[in-house]
Amino acid sequence: MKALVLTGIKEFAIQDLSSPQIAPNEVLVNTAYAGVCGTDHDLYAGRPGSAPAVPPIVLGHENSGVVAAVGSEVANVKPGDRVAVDPNIYCGQCEFCLTQRPELCDHLSAVGVTRNGGLAEQFAAPATVVYKLPDNVSLKDAAAIEPISCAVHGVDLLKLRPYQKALVIGDGFMGQLFAQIVQAYGVHQVDLAGIFDEKLERNQKLFGVKEIYNTTREDIPEDSYDVIIEAVGLPQTQAQAVKAAKKGAQVLMFGVGSQEAHFEMNTYDIYKKQMAIQGSFINPLTFKDAISLLESGKMNVDPLISHELELEEVQDFLGGKIKGVSKAVVRVHTE
């Protein structure tokens, strides 16, 4: 089978690999689409994602496809089913798995990170992380289920109420997902801050965002929001998130920052405002909710997917040669 193999730091090679052999509890998937995200940029550059990726490895952790074969113990899907695959695989035995916090698993493995993923014509995964798709969710849109599920986990960590006023900082793909998800969860006003007029205006026109702020020329109002979601991961945007918080506010630090980055904040404000600051890591058991958001029409990701790439174009994209990308998916097999 044709596969794009990460062979070293910032080095890919198209190779002809043997089709994966599946265990009794595994599923073999013919890849349709594989999304490419910030984690892939990190892995390509030799930085860890949810876990380190050790070359040679096939990346691709945002995957959709069609079941090619199933192991003898698999009962939830069958050959021919259209599926999306949660990449994260938990040990089920460590302290965190046994206390209902599997995302913090001490032995986390992941399709497309620690084991071969979807940037190949086929990949294998345990049946427990393979989800059958509703008929009205396309395989292309299904490549966005994994990032949606990560955002859903972040939202699950918050206490959302209809009266709240929410701000999302970041007009990248994840920030735009959050703008839709928070509304789907019932918050009555969601505003968006970013740096691209086109993206900000699109979210206001198509997705119900009320106020928009281009932070290259506008300040975000301070002490104004009940819920702030930081979806960038830079010290300056993290500081903006804290400053935007009103009394009793919740701040979700979702953006992935540099391991060496720090930002300053007034610790008295945390006390005085009774502020809650929450981190969020991956997507424990949120795939069904993510699928339902697409199935119900409460989320529309198609306008956010700007590029369909071939396997041969992935290195150019991760190397910065392809510009103006909102969200890229790699087309491996078409529907």
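The values are calculated or read from the model by the stated rules, or taken from the named source; none is laboratory data. Just so you know, these numbers come straight off a predicted model, no measurement behind them. With ideal geometry, Cβ positions are generated from the backbone for all residues, glycine too; neighbour counts draw on all protein chains shown. The area values use the complete protein model at the heavy-atom level, side chains included, leaving out ligands, DNA and RNA. Shrake-Rupley method; radii C 1.70, N 1.55, O 1.52, S 1.80 Å.
Output the number of residues of the range 298-330 satisfying the condition of being over 17 Å from the mean Cα position of the chain (by Cα) and over 30 Å from GLY208 (Cα atoms).
The qualifying residues number 11.
Here are GLY65, GLY35, GLY49: which of them is assigned to a loop (DSSP other than H, G, I, E, B), in contact with a strand residue (DSSP E or B) (Cβ under 8 Å, 6 or more places away or on another chain) and under 26 Å from HIS307 (Cα atoms)?
Exactly one of GLY65, GLY35, GLY49 is assigned to a loop (DSSP other than H, G, I, E, B), in contact with a strand residue (DSSP E or B) (Cβ under 8 Å, 6 or more places away or on another chain) and under 26 Å from HIS307 (Cα atoms), namely GLY49.
For the range 225-242, name all the residues that are crowded, with 16+ Cβ neighbours inside 10 Å and among the polar types (S, T, N, Q).
THR237, GLN238, GLN240
SER64 passes all but one of (1) under 19 Å from the mean Cα position of the chain (by Cα); (2) open to solvent by 30 Å² or more (accessible area, probe 1.4 Å); which number fails?
For SER64, the exception is condition (2).
Could you identify the single residue in ASP191, ASP135 that is of a type outside the set (A, V, I, L, M, F, W, C) and open to solvent by 10 Å² or more (accessible area, probe 1.4 Å)?
Of the residues listed, the single one that is of a type outside the set (A, V, I, L, M, F, W, C) and open to solvent by 10 Å² or more (accessible area, probe 1.4 Å) is ASP135.
Yes/no per residue for (1) more than 20 Å from the chain's Cα centre (by Cα); (2) within 22 Å of VAL36 (Cα to Cα); (3) not in a loop (DSSP other than H, G, I, E, B):
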{"site": "TYR163", "(1), (2), (3)": "yes, no, no"}
{"site": "MET174", "(1), (2), (3)": "no, yes, yes"}
{"site": "LEU177", "(1), (2), (3)": "no, yes, yes"}
{"site": "GLN180", "(1), (2), (3)": "no, yes, yes"}
{"site": "GLN183", "(1), (2), (3)": "no, no, yes"}
{"site": "ALA193", "(1), (2), (3)": "no, no, yes"}
{"site": "GLU198", "(1), (2), (3)": "yes, yes, yes"}
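I'd like the residue in the range 297-321 that is out of contact with any strand residue (DSSP E or B) (no Cβ under 6 Å at 6 or more places or on another chain) and without any contact (Cβ under 8 Å) to a residue 60 or more places away in the chain and, out of all such residues, is nearest to PHE196 (Cα to Cα).
SER306
Do you know which residues across the range 243-271 are open to solvent by 100 Å² or more (accessible area, probe 1.4 Å) and either touching a strand residue (DSSP E or B) at 6+ places or on another chain (Cβ under 8 Å) or within 19 Å of VAL155 (Cβ to Cβ) (or both)?
Of everything in the range 243-271, just one residue is open to solvent by 100 Å² or more (accessible area, probe 1.4 Å) and either touching a strand residue (DSSP E or B) at 6+ places or on another chain (Cβ under 8 Å) or within 19 Å of VAL155 (Cβ to Cβ) (or both), namely VAL256.
Among the residues in the range 73-81, are any in a strand (DSSP E or B) and hydrophobic (A, V, I, L, M, F, W, C)?
no
Closer than 30 Å to ASP106 by Cα and either out of contact with any strand residue (DSSP E or B) (no Cβ under 9 Å at 6 or more places or on another chain) or in a strand (DSSP E or B) (or both) - does that describe any residue in the range 203-224?
Checked against the condition, which is being closer than 30 Å to ASP106 by Cα and either out of contact with any strand residue (DSSP E or B) (no Cβ under 9 Å at 6 or more places or on another chain) or in a strand (DSSP E or B) (or both), the range 203-224 yields no hits at all.
Of all residues in the range 283-335, which are assigned to a loop (DSSP other than H, G, I, E, B), more than 19 Å from GLN122 (Cα to Cα) and among the aliphatic types (A, V, I, L, M)?
Within the range 283-335, LEU285, MET299, VAL301, ILE305, ILE322, VAL325 meet the criteria.
GLY60 passes all but one of (1) assigned to a loop (DSSP other than H, G, I, E, B); (2) in contact with a strand residue (DSSP E or B) (Cβ under 9 Å, 6 or more places away or on another chain); (3) over 21 Å from VAL329 (Cα atoms); (4) modelled with pLDDT of 95 or more; which number fails?
(3)
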